[in-house]
Every structure is written in C-alpha cells, then in structure tokens.
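Each remark here refers to the structure printed beneath this line.
Here, each number is a calculation from the coordinates, and none is a lab measurement. Remember, predicted model here, so these are calculated numbers, not experimental data. Ideal geometry is used to build each Cβ from the backbone, glycine not excepted, and the neighbour counts take in all protein chains shown.
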2 protein chains.
Amino acid sequence: MSIVVQKFGGSSVADAESVKRVAQRIVEYRQAGHEVVVVVSAMGDSTDDLIDLAQQVSPLPPARELDMLLTAGERISMAVLAMAIANLGFEAQSFTGSQAGVITDEQFGKARIIDVTPGRIRSALDDGNIAIVAGFQGVSQTAKNITTLGRGGSDTTAVALAAALGADVCEIYTDVDGVFTADPRIVSTARKIDEIGFEEMMEMAASGAKVLMLRCVEYARRYDVPVHVRSSFSRKQGTWVTDSPVPEAFLPARSAKAAESETESTMEQAIISGVAHDRSEAKVTIVGVPDIPGKAAEIFKTIAGQEIDIDMIVQNISTREPGKTDISFTLPKTDGSKAIEALDAAKAKIGFDQVRYDDQIGKLSVVGAGMRSHPGVTATLFEALSDAQVNIDMISTSEIRISVVTRADLLDDAVRAAHAAYGLDSDEDEAVVYGGTGR
Amino acid sequence: MSIVVQKFGGSSVADAESVKRVAQRIVEYRQAGHEVVVVVSAMGDSTDDLIDLAQQVSPLPPARELDMLLTAGERISMAVLAMAIANLGFEAQSFTGSQAGVITDEQFGKARIIDVTPGRIRSALDDGNIAIVAGFQGVSQTAKNITTLGRGGSDTTAVALAAALGADVCEIYTDVDGVFTADPRIVSTARKIDEIGFEEMMEMAASGAKVLMLRCVEYARRYDVPVHVRSSFSRKQGTWVTDSPVPEAFLPARSAKAAESETESTMEQAIISGVAHDRSEAKVTIVGVPDIPGKAAEIFKTIAGQEIDIDMIVQNISTREPGKTDISFTLPKTDGSKAIEALDAAKAKIGFDQVRYDDQIGKLSVVGAGMRSHPGVTATLFEALSDAQVNIDMISTSEIRISVVTRADLLDDAVRAAHAAYGLDSDEDEAVVYGGTGR
C-alpha cells in the first residue's frame, strides 16, 4: 500500500462545490488502494478576509495573534473537506498543524518547520481514515504557541508530512497544469515541463517561478520526496519534480511505457528547462564607496542587520572618481525603504557619496542542468536579448542558471526572446543543441 | 489583586467596532488593578454561517468535524479581540479552549467539562497579560479531539475558568441589562432583578429564562462563583447571581452603601423572584395505558432510550375506560418526532391505545425562594390565571417553583397576569405579602 500526500490550494477549495469536487478526487485515490493524507489551504480569499479584519482593529497586530487568527482559515477548510469526504461514504478526520505534529520555531508569520511527528496521522491512517491536515500552520516547540509558515507554507507542510510519513509521492494540486518553460501569460508558446530535477526547480523557484516556493523544493530535495505539481481542474499529468524515475504506479496506466520513453527523450534534449522572471525586486546602487578593504562588508552588514535578503550583487570601479567604486545589489521591493533608511544612517561611517534606488527593474533567469556541459548558452542569451533591443543592467550566474536584470518594461520582451532562442516554443520540434566555446 | 473573568457573547463582538468597544471596557478593569481573563464567543452570526457552509457539503456532517469547524469561530474573535487590546497598549494573549486547559468528555456538540487546568492562563496573567480564551470549546481527555460544549457553552467556560482560577467574580456580558422578573418583550413593566440566589436562578433557567443557561448556573453554584449578568451596551449594574454578599469592590464606588441597603430590602421583599416562560416544549399524551405496575416505567424507558429529556409528567385515571390510565408528559419540540416513533414502535408491547402529540402549548413558571415560607402563592397564581381566562392543562411544582402548562396562544396573557398578581410590575411599590393557608 503506498502513501500519497495531496495538497490542495485555496483556489481548489474556494467554495462548497469545489470542496465536493476535490473530495471526489481524493476518494478515488483511496479506492485505488492508497493511504491518503490531504493538506489543505484556507478556502479562496478567506485568509485575505481575515487580514482585513485584523487591520480593522489594529494597524499593526501582534504577530502571535495574527497567526492565531489566520490559522482559523485552514481549520474551516479542513473540517469542511472532511465532511464532504464523509458524505461520499469514506472515513475522514481533520487535524490542525499542531495535532499533525508540525513542530516549528517561534518566528510568527514565517515559522520554519523543525520537526514533524505525525503519530496521530499514522494512527488515523491505520484506522482506515483519510487524514486531512491544515496547511500553513504548526506549533512552536517550547512555548506551544500556534505559528504560521508564511508564503507557500501549505506546500511545505505537504512535503514535510510526505517526508515524515515516507510517502511515495507528494501531489501539489494548483490552478495551473504544472511548471511551464515560461509564464504562459507572457509566452503564449510556453510548454508544460513533464519532469524536472530538484536543483533546477530550486533555481526556477528562486528566480521567480511561482508554482512552487523555494523552501518547499528544498525540503523535497533534502528528503528525496517526488513532487507532482498538477491541476485540480483536469486529470492531466502535471510536472514531476524528482531526481529519481517517476513511480510507475502514478503514471497514467495505459501509457506508462510511452510516458517513460517520452520523459527520457525530454530529459536528454533539455539543456534549458525554462525561463523564469521576477518583478518583485528593486536595485540599490551605492555610489562612491571608498575602494578599500572592508567597505563592502560594512555595507552588507548594515543590510543584514535589517534582516533583508539580498539577491544579485555587482561591483564596478567608479568611472568618475579614482579610488572609489560603485556597488549595486537587488533586494525585495518590500524591503526597499528599510534598506535605504539603514544605509542613510550609516552613510557617514561607511563614507560613500550617495544611495540610488530603482524599483523599475525586472529579472530574467534561464535555468538548465544541461548548461553545465553545454557551452554557448550565455552567448545565445545575450544575442537574443540584443536582437530584442533589451539592454542588460546586471548579470549573475550559478552552475545551472544565468540571471540578468533589465528595465521592467522590457522584461516581457526579454522573456519571449530567451524562450524562443533556446527552442522552448511549443511549435518547435527540437530544443537547440549547443556547440562552440565558453559560456 | 482580584481576578475578574468576563464573558462577551457574539452580539457584543459582532464587528470590528464592537470588538474595539469591548477591548476598551476590558482594559478599564486592567487599569483598575484587576487580573482579567476574557472568554469570548464567535463574532455575531459567524457560527450560523459555518453551519450553513457545513450543510452545503453534507446534510449530516460528522460530529467531530462539525466541532472542529465551529471552533474556528471563537479562534477568530479571540485573536481579533487580543489585537484590539494590544492596540490600546496592553499585553493580551489569546488561548483556545484546549490551550486554556478546558478538558471535556467526547460528546461532540454537547461535551461536558470534566476538568479545567488553567496553567497557561495563570502564567499569562503572571506575565502581566490579559488572557483571552475561546468560549464554547475544549479538548477531549483521552483522544485529544476538539469538542464544543453546546448551547450556552461560552457562559459555562467562563464560570468554569472563574472557578478554576479562584476568580472574585464572573461577569457575563450580554445584550440585555440583566435577569428580569419576566421577559420585557411580553411584560412591559418587568423589572431587572438586582440579586438572585443560585437555586432560584437555576429554576428560572430551567423554566425558560434565556439569559443564563441552567448548566452554567449549576456550575457557578457548585463552585460558589458570584456571577454578574450585565449589558455590554451600558455601564449599569446588572443582576448578581450569588448566595453570598456581592463583593464590594465590584459595586459602583459612589453608591456602594446605598446599593447594599437597596439590595437588602429587595431581598426581604422578594417572595417571588420572577415569572419565566417556555415555548420550546410539546406535550405527548399516551391514552389507555393498562393501569398495572411497570407500565409507566416501560414508557419512560422507551423515551430515555432515545436520549430525550422529559420535563413535566401527569397521570390520570382514564375517564372512559376502567382499568386504564392516561399519561401525559412534556418534552422539547425538537425531540417530538423521535419520541412518537419510539412509542409507536413499542405500542404493542406496552399495550396502550394511542399516542397524541400537541406542540401548541406554553409553560409558565413562577419562581421564588420565599415560596417556602409563604403559603398562598399557588392560590394567587390560579386566581390570576382564572381571572385572565387562561385554562391550566398540567401543573408541576418544586420547593421554590410552580409551573403550569397552558395553550400557547394564551401564554403571554398568563405571564402578564402572574407578573401583576405577585406585585412584580415596576410601577408598584411593594411586592405582595402572603398570608393564609396552603400553597
């Protein structure tokens, strides 16, 4: 008997009708002989409604109480889903994050899972139940306070439970068909990716692909949990995120062999898995930093002191003034004012000339494990962007990723150009094969 | 430092504005130097909304899941109330029933409190917090499932916490000014009762006075917790339910002495505390029961087997057939069809002729501790009802209560007549003093 963990997001359980449809789908897995654990988010926009309510009584609600409030959302959806399943004649029991053994630290609003002790879930399964678990929430280890995991928390709950239960697969149901080679709203010819490795998926997630959050993929990789991202509105296979072969039991029965060979050939061809983009960042440029050791450290210590995560960093010799240098970095727009304030306060001590802030930027990333062994990938990108009249502001690379910062209003053009240049458009038969030198 | 437990019902926290007003009121007690524990119900009609949602996915939702669902209501109100208090500059922490140590049995939907272990609440108070506790909910002792306490559960939570914490007073805030000598919607001259003993209040509650539920008063009596029922919409003193003197610290400062002497004189005069009524019952008459030992037992065993609580019972010799008797009893209307079905099924075995069902009845009860030592009380009632042309169907009495069943459409007239006959109308100066013989 295999264990399946299924996660349904808020849009999949937006109202009573959706809940019933989801219940039907869950029950089919139970009928097929699987043990089923379901992780569910709050219904539709109910979390936003709760935040609105909080704002009405307090402009800055205490984090502990905000978490207590928000966890009411999943409490509702999980109980209603359990009822809908019971109404189909199957046993179902719902469990809060705390009851399911999701132990976290006590960073309210963005708690990290530090342990999962799913004893009650295991018992519920042993008793023949379908177990429904509240996503997004847990309980702090020592003070036993209710916590929430922050954005993408329900996906992480699902993967963490799958890991703790030794599940065969973690299915993430969402409102799109899977992970695409680019955002289909920008690139109409984008294709669904059938299979992608953990590392590539992590780079995609970190680069702005919104289907899965980075922390969820990190968790899946650490515990080697095969993740299947798919639509709750269709029966189609979605995107498998795994470094191992897809478990055959979970491939469509009639074409398991065909699908396998398909996947294999796809794997061989895919040098570039996809093109991700991100509009959530801003660029800070610190002009006229004394070019002496320790200055960069002082700057980034100032930023780190505000608990701000920075992304790309570029340093150039200042063209205007000898002995000085300019340092640029990107950071989440939401942290922009906090960073500027902190830097302004440290200006005299660090001794730079000025800070510039630019939130009209976009980031494009090309991700592909094939990049490691195929030179020429970078050149193709630069050529494509140049042909599309897109100027590059900043560049950063990893083993399997190239990211560039462009003007925000040119980002869509850049994404389309890159997607086409790597032969990812769905009307093309083959992905581009690289030769030549260098990256 | 005294401990005050305050309970606010759903109508007192119906929206953000109400929550802020309640927060202000709570904070005043903290400022006055009290330790404050607040028990709160779900906001406004939110419990009904959740029940509607459940009905949309399942006509008969599993009780465990319904309780899980409903407890989301208080989770929201308690967190929002804690936020509103924090916004006034005071420390507040919210706790679920489970966190507050409200341990129950596992009768979902109508769980009984079997223990209260308020360790976390005590710690929160020690840390200077105002503790906000979800009413109406607890956790089952062995299986650790979430339970709800059923109707009036939040009042019971408040009294139980007050008992466990050794509170000086339990304030029940509601949408009326207190307990009245009769329902003011029926008797315009009804007066607020300033003080009433536990036993009388229990009889009032059992007889249909809806301000406090019977189980809550029972709990208060068992642990001798002074209860103050008052309006959340005014600052007026409400009704004190206690057998001991009202704690002086909680009487209005400027007129503490005056209030005391007032209360004393009221206590002396009050032979009848109030007139309660109840429209929720129906009458079952079993016609032609063989008048041999054991038949009544068979009938009531049949009813008890359906877990139906019956109220009044009357047995008469059948006027039509010798050797047979008629038995009538009252029960909640909601249990009517269940009772009739069970009796019909047992008809042959018990050997009665037929069952009649009448749900157009009303019950009037006159309650007063003074009844014990003052004869003539019953005669006054019967005379008053007779003058008002109200016929009496059934009669039952306790030490401090007389109840009669009338036609439903005459109940209001009956209540007004009784209220006037005992001198309870607010324009009269003195309550009636009884002499003579009998009851």
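Key figures for this structure:
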{"item": "Shape call, region A:15-92: gyration tensor on alpha carbons, a/c limit 1.5", "result": "prolate"}
{"item": "Relative contact order, percent, chain B [alpha-carbon distance under 8 Å, six or more residues apart]", "result": "13 percent"}
{"item": "Dipole magnitude of the protein assembly as shown about its Cα centre (Cβ charges: Lys, Arg +1; Asp, Glu -1), debye to nearest 20", "result": "760 debye"}
{"item": "Per-copy distances of the B:Ile340 label point, shortest first, in nm (7 angstrom along Cα→Cβ)", "result": "7.5"}
{"item": "Electrostatic dipole magnitude of region A:272-422 [Cβ: Lys, Arg +1; Asp, Glu -1; Cα centre; debye, to 20]", "result": "220 debye"}
{"item": "7 Å along Cα→Cβ, label-point gaps from A:Glu248 to other copies, nm, shortest first", "result": "8.8"}
{"item": "Inter-part distance where region B:1-55 and region B:63-124 are each reduced to a Cα centre, Å", "result": "12 Å"}
{"item": "Rounded to 5, the percent of DSSP beta bridges in the protein assembly as shown classed as antiparallel", "result": "60 percent"}
{"item": "Size of electric dipole in region B:339-422: Cβ of Lys, Arg +1 and of Asp, Glu -1, about Cα centre, debye, nearest 20", "result": "300 debye"}
{"item": "Cα-based shape type of region A:98-234, given that a ≥ b ≥ c are square roots of the gyration tensor eigenvalues and the cut on a/c is 1.5", "result": "prolate"}
{"item": "Helical contribution to [θ] at 222 nm, DSSP H n ≥ 4, -39,500 (n - 2.57), averaged over chain B, rounded to 500", "result": "-10500 deg cm²/dmol"}
{"item": "Computed E for A:Thr285/B:Phe233 - FRET, C-beta separation, R0 51 angstrom, nearest 0.05", "result": "0.30"}
{"item": "Charge dipole (chain B, unit charges on Cβ, about Cα centre) - positive-most of B:Ala14, B:Gln315, B:Ala417", "result": "B:Ala14"}
{"item": "For the protein assembly as shown, diffusion coefficient by Stokes-Einstein and Kirkwood Rh (Cα), 20 °C, 1.002 mPa s, µm²/s", "result": "67 µm²/s"}
{"item": "Antiparallel %, DSSP beta bridges [both residues in chain A], to 5", "result": "60 percent"}
{"item": "Label spacing, shortest first and in nm, from B:Ala143 to its equivalents in the remaining copies (7 angstrom along Cα→Cβ)", "result": "3.3"}
{"item": "Antiparallel bridges, percent of DSSP beta bridges restricted to region A:1-248 (to nearest 5)", "result": "25 percent"}
{"item": "Prolate/oblate/rounded call for chain B, Cα gyration tensor, a/c under 1.5 rounded", "result": "oblate"}
{"item": "Nearest-to-axis residue of chain B, judged by beta-carbon position, where the axis maps B onto A, in Å", "result": "B:Ala72, 2"}
{"item": "For region B:272-422, fraction of C-alpha pairs farther apart than 17 Å, in %", "result": "63 percent"}
{"item": "Peptide A:13-25, shielding by other chains (average Cβ, 10 Å cutoff)", "result": "2"}
{"item": "Dipole of chain A, positive direction: furthest Cα of A:Ser328, A:Val246, A:Phe300, with charges on the beta-carbon", "result": "A:Phe300"}
